Amino acid sequence: MSPSAPAARAGSPDAAASASGDLAGVTGTAAPDAGSAASVPAIAASTAVGPPRGRGRRLLGWLFVLLLLLGVALVSLRFTATAPTIGGMLNPDGRNPQGARALAEILRQQDIEVTVARTRAEVRDALRPDSTLAMTDPYPLSDEAVQELIQPADRVVFLSTSARLLELTGLGEDAFGAPQTVDAGCDLAEFARVGEIAPDRMFRPAPGVAGCFADADGDAAVLVADDPRIAVVEGRRLFDNEHLAENGNAALGLALLGQTGHVVWYVPSFEDSDRVGDPEETLGSLTPEWVTPAIVLLALAALAAIAWRGRRFGPLVTESLPVTVRASETMHGRARLTARAGDAAHAAEAIRTGTVLRLGRRLGLSARASAVEVADAASDRLRVPRGSLHQLLAGPPPAGDADLVDLARKLAELEAAVDAAVHTERNVP
């Protein structure tokens, strides 16, 4: 019976032509003539059709047009200027990491009354002779409004600052750099037991202003003036809920705000600002007069470009290209590529894989049977010692073309012997 030539399936025509002989070198017994390799009559017919065409490009073009028009419309609109909210930063009622509710609760636990004021009018109504006015940098307010706000208070603490606030209070100016940790290093009694803090901002004190928590260069993290009693510190990363428990931050907050029995904590907001402009003021009124005509001109140019180039959008021409490829042509083509590359190891792997699959089917094994299992089953069927076929089906790859041809010949002889043994057993009554 003529077996199929595994060498031809592996891709080497020379190996397929040399797969003949007997099985004596493998099993020690004579094997029937392998005959000539059977041709593969299967024909794979496929039709190569161009990629699906449709209205995809047209839809993409119109989507681009709509997005461009939307962008032009948004730019052309005159937006009313709106301001961001600052209520979350060191807000005494804020529970978020940037809030300062933890510090407010510490003050209340020390029997210090904390009054939260949202407007300047509430501040004026809440201030008493023993009150401390606390607030972050009130940048929504004008200089005059800030002076008017702090004038009635006997003690003022700014929990965050800016260059404008330093200039307004006259306490000092910004200094470069910030040390890792510093201690008080000043004679003010309220800071004696604070310990160390890790400031984010340092200041250069003005003459007559006490600077506490200074580094080796003399710059300070806290500025305190006696007349009037004003203290300035950059406390956004010292007094917020996230960092209050670090170092001596809580002690510093208590030292600054706990010197009186009452704290009026003002939360600045743009709703309470005296610098709000004309409600009718828009972005268009704040830009030069030529901006709007330029935007309109660009929009018209974009529409003209769309009308000019958009005419090219449309369905693409499709063309069917039927192609019939014989399976044997594919097989021989791959064989020629493998032979040209001289890849004996890859060709041997392909030959062994095909042989194992075919032998497994003939021996009734699972399609997932390993090469060792197939070798053992073939040894039992041929009545040769187990392990004699392991080297043939699962051994190392051949070193060259000569070894590849020898391997292909032995595998063809093995398939022929197994096929003959299987047919002999089926014909025995």
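Some observations on this one:
- Inter-residue pairs, beta-carbon under 6 Å, first over 17 Å from Ala231 (Cβ atoms) and open to solvent by 50 Å² or more (accessible area, probe 1.4 Å) and in the range 108-135, second among the β-branched types (Val, Ile, Thr) and part of a strand (DSSP E or B), 6+ apart: Arg108/Val114
- Output for the range 149-171, where each listed residue is in contact with a strand residue (DSSP E or B) (Cβ under 7 Å, 6 or more places away or on another chain) and open to solvent by 40 Å² or more (accessible area, probe 1.4 Å): Asp154, Ala163
- Single residue of Ala335, Ala344, Ala339 found to be open to solvent by 50 Å² or more (accessible area, probe 1.4 Å), aliphatic (A, V, I, L, M), modelled with pLDDT of 75 or more and in contact with a Pro (Cβ under 8 Å, 6 or more places away or on another chain): Ala339
- Test set (1) farther than 30 Å from Asn96 by Cβ; (2) touching a residue at least 60 places away in the same chain (Cβ under 8 Å) - Val233 fails condition number: (1)
- A single entry from Ala210, Ala145, Ala175, Ala184 fulfils the requirement of being modelled with pLDDT of 90 or more, more than 18 Å from Ala100 (Cβ to Cβ) and out of contact with any Ser or Thr (no Cβ under 9 Å at 6 or more places or on another chain): Ala210.
- Within the range 337-359, residues that are farther than 15 Å from Pro398 by Cα have Cβ atoms under 8 Å from residues that are of a type in the set (Val, Ile, Thr) in these pairs: Val356/Val374; Leu359/Val374; Leu359/Val418, counting only partners at least 6 apart in sequence or on another chain.
- Subset tally (residues that are more than 17 Å from Ile230 (Cβ to Cβ) and crowded, with 18+ Cβ neighbours inside 10 Å) for the range 199-212: 2
- Screening Asp174, Asp215 for residues that are without any contact (Cβ under 8 Å) to a residue 40 or more places away in the chain and open to solvent by 50 Å² or more (accessible area, probe 1.4 Å) leaves exactly one candidate, Asp174.
- Screening the range 230-286 for residues that are open to solvent by 50 Å² or more (accessible area, probe 1.4 Å) and closer than 22 Å to Leu166 by Cα and picking the one that is modelled with the lowest pLDDT gives Arg275.
- A single member of Leu286, Leu297 is out of contact with any strand residue (DSSP E or B) (no Cβ under 8 Å at 6 or more places or on another chain) and free of Cβ contacts under 8 Å to residues at least 24 places away in the same chain, and it is Leu297.
- Whichever residue in the range 179-189 is open to solvent by 50 Å² or more (accessible area, probe 1.4 Å) and in contact (Cβ under 8 Å) with a residue 24 or more places away in the chain and, among such residues, is farthest from the chain's Cα centre (by Cα): Gly185
- Condition broken by Ala417, with the remaining ones in (1) out of contact with any Gly (no Cβ under 9 Å at 6 or more places or on another chain); (2) surrounded by fewer than 19 Cβ atoms within 10 Å (Cβ to Cβ); (3) hydrophobic (A, V, I, L, M, F, W, C) satisfied: (2)
- Filter result for Ala305 (of a type in the set (A, V, I, L, M), over 30 Å from Thr136 (Cα atoms) and at pLDDT below 85): yes
- Matching residues in the range 384-412 - criterion: being open to solvent by 50 Å² or more (accessible area, probe 1.4 Å), among the aliphatic types (A, V, I, L, M) and under 21 Å from Ala335 (Cα atoms): Ala399, Ala402
- Residues satisfying the stated conditions in the range 354-378, i.e. part of a helix (DSSP H, G or I), open to solvent by less than 70 Å² (accessible area, probe 1.4 Å) and not basic (Lys, Arg): Gly354, Thr355, Val356, Leu359, Gly360, Ala371, Val372, Val374, Ala375, Asp376, Ala377, Ala378
- Some residue of the range 124-137 being over 25 Å from Arg237 (Cβ atoms) and either of a type in the set (Phe, Trp, Tyr) or under 47 Å from the mean Cα position of the chain (by Cα) (or both): no
- Only one of the listed residues (Val224, Val194) is aliphatic (A, V, I, L, M), closer than 22 Å to Pro152 by Cα and crowded, with 17+ Cβ neighbours inside 10 Å. That residue is Val224.
The values are calculated or read from the model by the stated rules, or taken from the named source; none is laboratory data. Just so it is clear, the structure is predicted and the values come from calculations on it, not from any experiment. All Cβ positions, even for glycine, are placed from backbone atoms using ideal geometry, and neighbour counts span all protein chains on display. These accessible areas exclude ligands, DNA and RNA; they are computed on the full protein's heavy atoms, side chains included. Shrake-Rupley method; radii C 1.70, N 1.55, O 1.52, S 1.80 Å.
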